[in-house]
Structure formats: C-alpha cells, structure tokens
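The values are calculated or read from the model by the stated rules, or taken from the named source; none is laboratory data. In this text, all values refer to a predicted model and were calculated from it rather than measured experimentally. As a convention, Cβ positions derive from the backbone with ideal geometry for all residues, glycine included, and neighbour counts pool all protein chains shown.
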Amino acid sequence: MLANKKSWKVMIITLVAVLTISVLSACGDKKDVVATYKGGEITLEQYNLEKSILTFLSPQMAQLTEMDEFKTYLLNQQVAFGYLSDNATAESKTTGKKLAEEQLAGMKAQVGDDKFKLLIEESKLTEADIAGYLEKVMISMEDMNRKVTDADIKADYDANKQDYTLVSLRHILISLEDADGKAIRTAEEALKVAKDVKSQLDKGGDFATLAKKYSEDPGSKEEGGLYKDTPAGTWVDAFKESSLTLPLNQISDPIETEYGYHVMTVESRTETAFDKITQEQKDAIKNKLGSVKIDEFMSNDLPGIIKKVNLPESPAATTEEPTTTPESGQDPTGTNGTTTEGTDAPKTDGTKTEDTDAPKTDDTTTDGATTDAPTDTTGK
C-alpha cells in the first residue's frame, strides 16, 4: 500500500533519507553567492543546479521550487549537506563514495545507459552532476548512520514493536485508480463493490476465488489476495491497524485507504522478538534514525553555522493557495515508524511511479541497492 501523503517539507526530508535531496559542488560566479556558512558558500549557479537535479529525480517537486518557504528550506539543506559531507570521517567518505557509485549504476541500469544519457542531456545536466549530488548525500547519510548506536536501534524497535509482527492475511482491493493513476471509479462506487464482495464472502464465498475475480492489487491478486508472514509495519496505518486488530479468520467490513476499499481476513499473527528481526530490518532502523539526526542537525545546529543568506525573491505570488503546506509533528523520515523494508517478505509497496522516465533512487535504504522498486497497491 502507498505511504500516507505528506507535506512538501516531510517529502523533502524523506527524499534526503532515500537519496533524492542533496547538495552539489559546482563552480559558480563569486558575485552571486546566495549563502555563506562556516567553511563554505553556495552560489546561485549551484543553487539552481540543485533545483534542476531535484526536479530531474522528483518531477512532482517542480511546482514547488519557486515557493519562498520551499526555496529557503532547500538552500538550508544544501548548506547542511555541504557542511556534513565536508566534515564527515574518512571512513564515511570512503563508504559514501562507494555507495554513491552503486546508486548511480542502479539508476543507469533501471533505464539503460543510452536512455539515461538522453534524459540527463534533455535536463541540461551531466552524469558528473548526478554523481556529485549522490556522493554528498551518501557521505552525509553514512556519517550520521555511524552515530546511531545498537541501543538506539533497540529502543526504536521497542517503540515500534508491533510493526515487526508477521501477519498472514488475504485482502481484496477495490481501487479508485488504474495502474497509470487514472480514476476508474469514485469512492462511493468502490465502497458499493466492496460491500457486495463482503456479502458474497459472508454467504460462504471462497476468498481466494473472489480475490482473483475482484481484487485490483497486482501484488496479491493471483495469489488469492494472500500476503504471507509480512511485517505489519510494511503497510499504511489503516491497513496495518486492521491487520493487527481484526480477529483471526473474520471477514472485515470494507477498510478505506487512499487507494480504495479493502476487504480483509487475517489468518495468523506472530510477534517477532528483537533478536529475530533481520539485519536488513536493523539497517532500515539505522537509516531512519540517521535521517532523524540530520533533521535534528538542521533544526538545532544549522542556524549557528549559516552566516548569511541572500536568495533572490520569487516572482509575485498568485492568489491561488498552494495545494500542500508544511506540517509539524510528523515523522521526518517519512516512514511513519515503518522500518521493515528490505525483508524477505513479499514486498507490498504501492507507490505509484511518477509519470516520467526519470530514474528513481532507491526508496528503501541507503545500502546501495538498485533503484528499480516494484509497485503494487496494498498500502505500504
């Protein structure tokens, strides 16, 4: 299932954690310095290049790049990653550079070398631009991750223990959109179909048979709606909550998520002790906590590091309100406490791919995995 929708600020921090926000060293005109900080400066040319790389990797951000608050945040983040990568340990720099190379190779493999070259040329970028971008973010992330202790990982597990419960369930999704994101029915129409499916199940209909007939989740449809021994933290909140609380072998009422309505039955639940979670899960916790440390650095330390900011003003704003606004009190990693990516369980990420050919960076961890993530609609 898809992760919950986020404000742009949370989105940006999330992208940092998964390598899509960074800072790039580039030559700029000394006259056009937009920020100075302890140990460095950002030129207007560097700042604009940062925005170009951002919109190359995350086209949905293009509409936000002229919002003054967004621009300020992006510049602050450039400073943060420039400072962090410059002051990282030698070990972090070595590992970060290697991970950046792996990320770039994964991006190129996703679309093919020729297509990748064409895409960056069309965006007036170079491979060196992307490589430098990834290098700084990977070095910064690696350095912060090394500050996360085993005790930190255990504490996060304890705070989110239910996310590691292994759940076997079947569900039938009545979706609002097709695989390309085009609306196919209203919420009211989806609910009506879901209620009809539940009625058939209540009358003795076979769940697997009905899932193959009605479900629009490509990740489980052909398996009769089954997700076996999947960590509960894999799913978005409403789906996860039902997976953890629904009495075993009971047919649920329709469960609403942003993708439509689900009818579910839980077959088993097994708690997972800390010493039984996988190394991938522990690494995911470390990556999440490393991202939190970056956010804390930006909030607590960055104001004392920045000496001067001189961003050009945006064009006069229209009277139309932005569709997304910053929110507070949200998980800065964008994971909502979920730290179970990278497990051997069936992947249930329903994230829609953007309507673009731009390659995506790895959306799970910063371990250098390739960037071609599968998609489905179960509610991660």
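Can you tell me which of Ala194, Ala179, Ala232, Ala238 is within 21 Å of Ile251 (Cβ to Cβ), in contact (Cβ under 8 Å) with a residue 24 or more places away in the chain and surrounded by fewer than 18 Cβ atoms within 10 Å (Cβ to Cβ)?
Details: Ala194 fails: surrounded by fewer than 18 Cβ atoms within 10 Å (Cβ to Cβ); Ala179 fails: within 21 Å of Ile251 (Cβ to Cβ); Ala232 fails: surrounded by fewer than 18 Cβ atoms within 10 Å (Cβ to Cβ).
None of the others qualify; the one that does is Ala238.
Does the range 279-301 hold any residues that are aliphatic (A, V, I, L, M) and either outside the structural domain of Lys38 (by TED's automatic domain parsing) or over 16 Å from Val137 (Cβ atoms) (or both), and which are they?
Here is the first cut: in the range 279-301, the residues aliphatic (A, V, I, L, M) are 284-285, 289, 292, 294, 298.
Result: Ala284, Ile285, Leu289.
Taking Leu311 as the residue in question, decide whether it is among the hydrophobic types (A, V, I, L, M, F, W, C), more than 30 Å from Ala208 (Cα to Cα) and at pLDDT below 95.
The answer is yes for Leu311.
Anything in the range 236-246 that is at pLDDT 95 or above and under 16 Å from Ile172 (Cα atoms)? List them, or say none.
Ala238, Phe239, Lys240, Ser242, Ser243, Leu246
Looking at (1) surrounded by 15 or more Cβ atoms within 10 Å (Cβ to Cβ); (2) part of a helix (DSSP H, G or I), can you tell me which one Val263 breaks?
(2)
Mind checking which residues of the range 105-152 are within 20 Å of Tyr83 (Cβ to Cβ), of a type in the set (Ser, Thr, Tyr) and modelled with pLDDT under 95?
Correct list: Tyr133 only.
Just checking, does the range 200-220 include any residue being polar (S, T, N, Q) and either farther than 23 Å from Arg269 by Cβ or surrounded by fewer than 19 Cβ atoms within 10 Å (Cβ to Cβ) (or both)?
Yes, some residue in the range 200-220 is polar (S, T, N, Q) and either farther than 23 Å from Arg269 by Cβ or surrounded by fewer than 19 Cβ atoms within 10 Å (Cβ to Cβ) (or both).
Only one residue in Tyr164, Tyr133, Tyr157 is among the aromatic types (Phe, Trp, Tyr) and touching a strand residue (DSSP E or B) at 6+ places or on another chain (Cβ under 7 Å), so which one is that?
The conditions single out Tyr164.
Tyr214 is checked against (1) on the phi > 0 side of the Ramachandran plot; (2) touching a strand residue (DSSP E or B) at 6+ places or on another chain (Cβ under 6 Å) and fails just one. What number does that condition carry?
Failed condition: (1).
(1) under 30 Å from Leu57 (Cα atoms); (2) over 24 Å from the mean Cα position of the chain (by Cα): which one isn't true of Asp202, the others all being true?
All conditions pass for Asp202, except number (1).
Here are Glu91, Glu45: which of them is surrounded by fewer than 20 Cβ atoms within 10 Å (Cβ to Cβ), part of a helix (DSSP H, G or I) and in contact with a Gly (Cβ under 7 Å, 6 or more places away or on another chain)? Spell out how you get there, then give the answer.
Working: Glu91 fails: in contact with a Gly (Cβ under 7 Å, 6 or more places away or on another chain).
That would be Glu45, the only listed residue that is surrounded by fewer than 20 Cβ atoms within 10 Å (Cβ to Cβ), part of a helix (DSSP H, G or I) and in contact with a Gly (Cβ under 7 Å, 6 or more places away or on another chain).
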